[in-house]
Structure formats: structure tokens, C-alpha cells
1. When only Cα pairs under 8 Å and 6 or more residues apart are kept, what is the percent relative contact order across region 51-167?
2. Can you tell me which of 97-104, 164-171 comes out highest on packing, and rank the rest after it, using the mean Cβ neighbours within 10 Å?
3. Amide H to amide H under 5 Å from Val99: which residues, 5+ apart in sequence or cross-chain, H placed 1.01 Å off N in plane?
4. Too long at a 30 Å Cα-Cα cut-off: which of Lys122/Lys272; Lys145/Lys170; Lys292/Lys322; Lys253/Lys292; Lys93/Lys170; Lys12/Lys171?
5. Once phi is turned into ³J(HN,Hα) by the Karplus curve 6.51 cos²θ - 1.76 cosθ + 1.60 with θ = phi - 60°, what whole-Hz value does each residue of region 87-102 show in order, with x for glycine and proline?
6. Report the local net charge at Pro103: Lys and Arg +1, Asp and Glu -1, summed over other residues whose C-beta lies under 12 Å from its C-beta.
7. Could you grab the relative contact order for region 247-370? Cα pairs under 8 Å, six or more apart, rounded to a whole percent.
8. Return the long-range amide H neighbours of Asn214 (sequence gap of 5 or more, or a different chain), with a cut-off of under 5 Å between placed amide H atoms.
Amino acid sequence: MVDLRNQYLSIKAEIDKGIQEVIDSCAFINGPAVNSFQKDLEQYLGVKYVVPCANGTDALQVAMMALNLKPGDEVITTSFTFIATAEVIALLKLTPVLVDVDPDTFNIDPRAIERAITPKTKAIVPVHLFGQTAPMEEIMELARKHNLFVIEDNCQAIGSDYFFNDGTTKKAGTIGDIGCTSFFPSKNLGCYGDGGAIFTNNDDLAKQMRVVVNHGMTVRYYHDYIGVNSRLDSIQAAILKVKLARLDEYAAKRRSAADFYDNAFKNHPQLKTPARYPKSNHVFHQYTLVTKNVDRKALIEYLASREIPAMIYYPVPLHMQKAYLDPRYKPGDFPVTEHLCETVFSLPMHTELDQEQLAYITQNVLDFLNR
Ligand SMILES: Cc1ncc(COP(=O)(O)O)c(C=O)c1O
């Protein structure tokens, strides 16, 4: 689905130099490379604080710990996302409250959020799925009205902009109280191992998150809180610094691949191309189509036989995952999510797709559908 090798080869000299510098310095943990990347990311995002951590799942967990959410507090999130979003809610013994998504953007539906708010609700976790920002203005309005925290799961949309009604723009992940991201290798800003970061403009939350990621330690060997050990290592930070400088260029390449796909599939009666929500610029973490009357399994097998990978993100709605079965929910409760899980598939999406590859992929999809 991604071509990390050719991307690496295109920036090899800079990446190798960055890695070698860290090795020469032997400052493997919290070295100058981490600080330098952190500053670059703060500047890129226009956010006051970036707290690096070990992965996107930790980022979400640390955010909820820093907000001091307590067992039984309800946290509203989407039923159509990667499991990590709900996993940390469950791990902290908070109560995940799932809501359905918009059929066009696949992002959480603010009207469904409003219906799910109870006196126990403490936070909303919108996920900026597949690379475009959720409807943050509506979500922030609900949060203000009901006094809720907003934690943005921005693991899939780093670099996406959100356009406010008043003409201002903010980066995805910097609108709510806290934003969380993942630097997993296949992410839009991916490192060569695991990595993550948390963003905030709030002085107290930033301070608390730095304490939480470091074993709850306020002064060396004095632990005022129960924390975790979650660090971004210096080699990953050096790699990320090189790739951050190219993030907008990478997003443009992804968008142009998406344009190619859109053009090839537009008006096809069995395919719905991904909607582009006008208040966000899509950074296409995934290019996801909704099928109609298509044997999806056969299509994926047909593509695989022609060495074209295709994936289903996601095959099972959260409320139907075995570990998350809950008497509050039953099949049919989230019809949009359930329909998407049965009909979507994603095509290769990365920075190295050339016209020839795109033509080969699209032609094979159309050949399968038109045969
Ligand atoms: C929406 C979403 N949330 C959370 C995560 C977790 O990130 P990580 O794999 O770095 O823990 C991911 C990525 O895998 C994701 O896509």
C-alpha cells in the first residue's frame, strides 16, 4: 500500500546523515535531535507545545491521563476507526460511547454526538479519518456548550488544514484541547519504527503530559502521579525532521494521485469516490472507495493476482469487535458504519506513485468491474 523504499532512496543522503549524527552523539534518548524535531513540528503546526512520545496509541492514552479522566467517565468517539482510539478509553476504564459517521466523509457526525451526550460525558474524541479533518467547528461548539474536552485523534491527518467560517485556518490536531498523532512508518509523516506526539496550546496540560510520559515524575525520582514510559527516540526524531520538511510536498503528491483515481472512477455506477469536505484539505492518508453491487473479496483477489495491493479499512465496526461487545450496542445501531465496513476498499496511496502505476491500478479495477 506504501512504497517506503523508493521514498527513502529519494532522501537517503539526508536521512543517513541524520541517523549517523545521532549515533556519533550517542544521545539516543531525549537527545538534541528530539528537541530540534519538536521545535520544527511546533512551528509547522502553529501550536505552542509538542510532546513527543512512543506511538499514537500512547499519545491518546497520555492525553486522557493528563485530563484526569476517571473510571466511568463517558468519552464519545466514532464507531468507524482504528481500534486504538477505543482501546485506550477501555484500558483506562473510561466508558466508550460510540456514534455513527457521515456517509460521505466517513468522519464523526456532530448530530450523533449531540444525541449521545449525558451528564457523565467528559470528552469527545473525533478522528480525522483517512486524511481529512472532522467537522471541528460543530464539535467545538458542542464541547463549549456541554463543557467537554476535545482530544483530536490526528494519527491519519497530519498536515491537513481546517478552514473556519471566519476565514482563519488551523492545522488538524491543534483545534481541540489536545491533538494526538502517530509516526508509524506508513503514516503521512512516518518514521522508521514507532513514534508519536501530542499537541496542545494549554500550558498546564503540556506540563502535565510531559510528567505523564516520564513515569509521572515531577522532580527526578519523585513520582507525584502514576505515569507511563513513552519516549520518541533520537534516531526516529532525526528521520522525522528530514521528512517534516517535505510533508506538504508529500501531501501534494498524494492529492495528485487521488485526482488521478477520482478522474478514472468518476461516474462509475459501482464506485463512489471519496468526498472532499470543503472545510478541510484532504491529505489522503488513504484513498477509500465505496462499492455498490461489487463482490469486494473477488475484486481484492483479482487485484492481488495482478500484484496490486488493496485493503479494507475497516472490516468490522468497533461495536462488533469481539473484545468490545457491549450489551448497550447491537448490530444495526450504526447503519452508516456497518454499511461502510461491508462496502469500502482502499487502493495504494503514497508519495511514489507514478502515472504508469496509477494507470495500471485504475485500469485493472475497471477491467474487473466491466468484465
Ligand atoms: C486513527 C488512529 N488512531 C490511533 C492509531 C495508533 O497509532 P500507533 O500505531 O502509532 O500506536 C492509529 C495508527 O495506527 C490510527 O490510524
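1. Relative CO of region 51-167 lands at 23 percent.
2. 97-104, 164-171
3. Here Thr77, Thr78, Ser79 satisfy the definition.
4. Lys122/Lys272; Lys93/Lys170
5. For region 87-102, the Karplus curve yields 4, 5, 4, 5, 4, 7, 6, 7, 9, x, 10, 8, 9, 7, 10, 7 Hz.
6. The answer is -4.
7. 34 percent.
8. Val228
No value in this document is a laboratory result; all are computed from the given coordinates. Worth saying up front: this structure is predicted, and the values here are computed from it rather than measured. With ideal geometry, Cβ positions are generated from the backbone for all residues, glycine too; neighbour counts draw on all protein chains shown.
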